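Student: Just passing along the structure, written as structure tokens.
Every read-out reported here was derived from the displayed coordinates using simple, explicitly stated rules and does not represent laboratory data. Predicted model only: the values in this text are computed from it and were never measured. For neighbour counting, all protein chains shown are included, and Cβ atoms are generated from backbone atoms with ideal geometry for every residue, glycine included.
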Ligand SMILES: Cc1cc2nc3c(=O)[nH]c(=O)nc-3n(C[C@H](O)[C@H](O)[C@H](O)COP(=O)(O)OP(=O)(O)OC[C@H]3O[C@@H](n4cnc5c(N)ncnc54)[C@H](O)[C@@H]3O)c2cc1C
Ligand code: SF4
């Protein structure tokens, strides 16, 4: 069997599929072609001529009922394969609620497709013949159905893309990967935007997105609504000393139905050692259908959007959701479309139900950050996951799995993650992430933890957020000294003083956020100064850090030595020393 260098060359798919496939996926720009060719060469067309029945694989994060893949299928001759495989909950330990969410949403989606007339081969977690990996299940389906072609949508992970691309050779069948039209920006468009730029700045990408969509744009020539691209200066409020009054309205929780309860039973039986908690079936409240996800947007728009902007960065004990949308799991499973979320928010602005500062902030997260992060993931290639720009090698402390720590902020944030598989952005960035950054944890280790422990974890979004935004590890090999990050222009390192300002965690803590040495010194504060001392040479050329390093220079040399000693002792106590 010879291998085709150009995946389009032997493509025998139907004209509609070929057009989509060629244009969107395989007609690659030079930059993306170079990137994709890093994967082993594939033979995408084999002896099959795609005239017979086809097998379409739908993965758990591809539950888009308007996907081009579905439009390309013939319900009477083609079969859809959906697989609940243990490997996906075990390659990184996956929170029980994340696992239940994926499987229950898949079962609901499969039932909906069946009602539309599609033939489904659905492999359940507890099916005795389940071999528990995608490739072995595809092998069984290929042996049983002898399809002339395998189809799927562009996956959410390099690991899966590799696996899909191996099928043409393994099964001697044509494999067609179709575009994921859930996103506003294709992988290819992002690569074109990035081509030739020295740095990738989200803000510039975001402005292009605003122009392209026309969201919150007015006049001719179009200018941003309110004459500003963003209103972040007014969006960094804390809850002061007294806390949120009245408390923010709780997001809608979706009671588990019979299907979800069955999934919970299967997960408890087949995967009893997953991390996280699900104390009673009713503790599960995530949207598992599109209808529920639509109700969840409505609830956010009516009850929390108006305060989303101002309190985006605020944290408070026992207030896990604050005014956040809590829509990322439904978005990442593709139960929701990003456009409909933005348009719902703009509608609220037009009806004067939410101020511009909140609506713009929300839209920026969706069409700006979310799309930018995905673009970076595919642009940078599979090697991105191995980057370690700050050369950190520490182990993840055990308390990330148990929550047992005397740091009140960590105890509260981790307990919340175990209970509900959710933490809002600032908790992820400035508590659990900040700790890993400044204490010296290995970036991939903490990234794997994030991938499994949150209901919305999918590699394309977890990895650049963790490696790039939190760990400042994603410097391109060979880039100039001082320019250490791609996603972030500087590390989001912060001491306990920041946490004290933005939350009430420190009030109930045995440590003092103002102290940087001694037995009562806050570990965040010790590690923050130690981080700056350790990384001064590496980061000094970054202008955005000048003030921080000026403050380091003002510390007496003996005090600096003491900080380093205390930080080393803490690292030892927490088990962070090199792996
Ligand atoms: C270390 C770390 C890991 C993260 N891992 C994930 C992850 O696995 N999955 C995930 O969806 N998000 C991840 N994020 C981004 C962000 O924290 C979550 O999207 C957000 O907290 C989800 O909650 P929400 O729906 O209430 O979001 P809101 O704060 O209400 O924001 C609205 C929406 O904007 C999008 N969004 C906001 N910020 C980002 C961002 N930085 N990147 C991508 N989308 C964004 C999400 O879709 C979100 O639903 C991570 C952030 C950090 C710092
Ligand atoms: S004092 Fe330090 S460890 Fe304690 S809650 Fe505040 S920031 Fe966290």
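Student: Using alpha carbons only, how many angstrom separate the centre of the stretch 194-241 from the centre of the stretch 412-428?
Tutor: So the separation of the two Cα centres works out to 28 Å.
Student: Which order results if 254, 471 are arranged by neighbouring Cβ count within 10 Å, fewest first?
Tutor: 254, 471
Student: Follow-up question, since we're still on this one. Please tell me the relative contact order of the stretch 50-200 in percent, rounded to the nearest whole number, where contacts are Cα pairs under 8 Å and at least six residues apart.
Tutor: 31
Student: Counting other C-beta atoms within 10 Å, which of 512, 520 has the fewest, and how do the rest follow?
Tutor: 520, 512
Student: Okay, moving on. Can you classify the chain as rounded, prolate or oblate using the Cα gyration tensor, where a ≥ b ≥ c are the square roots of its eigenvalues, rounded means a/c under 1.5, and otherwise it's prolate if a/b beats b/c and oblate if not?
Tutor: prolate
Student: Could you put 300, 399, 171 in order, starting from the residue whose Cβ has the fewest other Cβ atoms within 10 Å?
Tutor: Lowest to highest Cβ neighbour count: 399, 171, 300.
Student: While we're looking at this one, here's another question. Would you calculate a helix-derived [θ] at 222 nm for the chain, using -39,500 (n - 2.57) for each DSSP H run of n ≥ 4 and dividing by the full residue count, to the nearest 500?
Tutor: Dividing the helical sum by the residues of the chain leaves -12000 deg cm²/dmol.
Student: Kindly list the residues of the stretch 404-431 that lie in the label zone of residue 279, defined by a backbone N under 16 Å from the point 7 Å along the Cα-to-C-beta vector.
Tutor: Under 16 Å, as judged by backbone N against the label point of residue 279, lie 404, 412-422 of the stretch 404-431.
Student: Quick check: residue separation of residue 533 and residue 577 times 0.36 nm, minus the Cα distance between them. What number comes out in nm?
Tutor: 14.1 nm
Student: Can you give me the angle between helix 96-115 and the longest principal axis of the chain, using Cα atoms only, in degrees from 0 to 90, rounded to the nearest 10?
Tutor: Helix 96-115 sits roughly 30 degrees off the main axis of the chain.
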